[in-house]
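Structure record follows, encoded as structure tokens.
The values are calculated or read from the model by the stated rules, or taken from the named source; none is laboratory data. Nothing here was measured: the structure is a model prediction, and the numbers come from that model. So basically every Cβ, Gly included, is an ideal-geometry build from the backbone, and we count neighbours across all protein chains shown.
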Amino acid sequence: MKSELPAVAIWGWSGSGKTTLVVELVRRFTARGLRVGVIKHDVHGVVQAGGDKDSDRFFQAGADTVVIGPGEVLQRLHPGPGRSLTEQVAELDSVCDLVLCEGFKTARFAVKLWLRSAPREQPPAGAEGVWRILDPYEDRASIVEARIEEWLKARVAAIPVCGGVLIGGASRRMGRPKHLMELGGQGWAERVARVLSERVRQVALLGDGQIPAALSSLPVLPDVTARQGPLAGILAAMRWQPEAAWLIAGCDQLLISVAALNWLLGLRRPGVWAILPRRCGSGTVEPLLALYEPRARHLLERVSAPAELAGMPGVVTPEIPEGLESSWEDADTPEEAARKFGTSGSMLGGGSA
């Protein structure tokens, strides 16, 4: 059986209202802040609106063309590798919350609808997986909108969540690597990994550093090259498991709590690609103990620090609720650790690899 394409297909005979419905759905979902892509099947070939003669001549001569104008970019490609329907849907799906397709009667889609143009009209032979047949008198837009909303929520819920603990080399101010330090007989990184493991499918250590014996069974992902700071570890995680959402924490966030993780996970919804919390009264976002959905990867690949995502479409920066702020505390010096975590000098110096 062919696998379903992660898109919504709307089809019917000419005059059935396909384009009208697609346009209305685009308006409704973009009004919610979602990014929507559309793929149209045209048996008559692609004809550019406005009849741009120059770009049409380029295309007819054999070139793939890109036309850049004020507020828009038009791309026209010849058939070739990477340009099948399956690949085009996958490409749009990686940067859009919703992909709508007009036509493509023989392909299998996650949601597929047939629009009648006359009473008792049935889909033609060869049609597969039709979810519903809609008559002209029905409120098509509202019916389909509700079904898409249900499907999008199910897609978000089905994305696995992994946890990443950032580790690294020696801290000059601490005197040794943070992740090898101990609090109450437990390593810092071990403490953070244990809490993450209560709410994620898998925990990985992110970075280049000595691995504590207690965490030797966890995957270790070296930092990606040409990147610095937390971004190097976050990208390592997202390249390793690109289909997963990632809860990323620092090894020195010792007061991390399951309640804080539950709050972050409860904010997941269609249209949200990253959740970067901010403290009460602060405009600064927290890139650690933050959640990154799979679609955030293409944003992270283009920035020099994860905090730069703030303000981008799909990135939310909710205020941390009262009572949970301590989960975002970290420490860069022994004095900070003693004040925030109640550590002693002997604890900071202890710990075994």
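At-a-glance table
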| read-out | value |
| --- | --- |
| Meets criteria (in contact with a Gly (Cβ under 9 Å, 6 or more places away or on another chain) and either under 30 Å from residue 101 (Cα atoms) or modelled with pLDDT of 85 or more (or both)) for residue 193 | yes |
| Number of the exception - residue 17 against (1) modelled with pLDDT under 80; (2) touching a helix residue (DSSP H, G or I) at 6+ places or on another chain (Cβ under 8 Å) | (1) |
| Tally of residues being among the basic types (Lys, Arg) and modelled with pLDDT of 90 or more across region 117-144 | 1 |
| Checking residue 220 against (1) closer than 22 Å to residue 176 by Cα; (2) surrounded by 22 or more Cβ atoms within 10 Å (Cβ to Cβ), the condition it does not meet | (2) |
| Filtered residue count, region 102-159, keeping only those that are outside any loop (DSSP other than H, G, I, E, B), over 26 Å from the mean Cα position of the chain (by Cα) and not small (Gly, Ala, Ser) | 8 |
| Enumeration of residues in region 22-38 that are more than 21 Å from residue 74 (Cα to Cα) and surrounded by fewer than 18 Cβ atoms within 10 Å (Cβ to Cβ) | 24, 28, 31, 32, 33 |
| Any hit, region 337-345, residues being assigned to a helix (DSSP H, G or I), under 30 Å from residue 96 (Cα atoms) and of a type in the set (Phe, Trp, Tyr) | no |
| Criterion violated by residue 320 - all others in (1) at pLDDT 95 or above; (2) crowded, with 19+ Cβ neighbours inside 10 Å; (3) under 20 Å from residue 237 (Cβ atoms) satisfied | (3) |
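Quick grid of which residues meet (1) outside the structural domain of residue 168 (by TED's automatic domain parsing); (2) under 21 Å from the mean Cα position of the chain (by Cα); (3) among the aliphatic types (A, V, I, L, M):
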residue: 197; (1), (2), (3): no, yes, no
residue: 202; (1), (2), (3): no, yes, no
residue: 211; (1), (2), (3): no, no, yes
residue: 233; (1), (2), (3): no, yes, no
residue: 240; (1), (2), (3): no, yes, no
residue: 247; (1), (2), (3): no, yes, yes
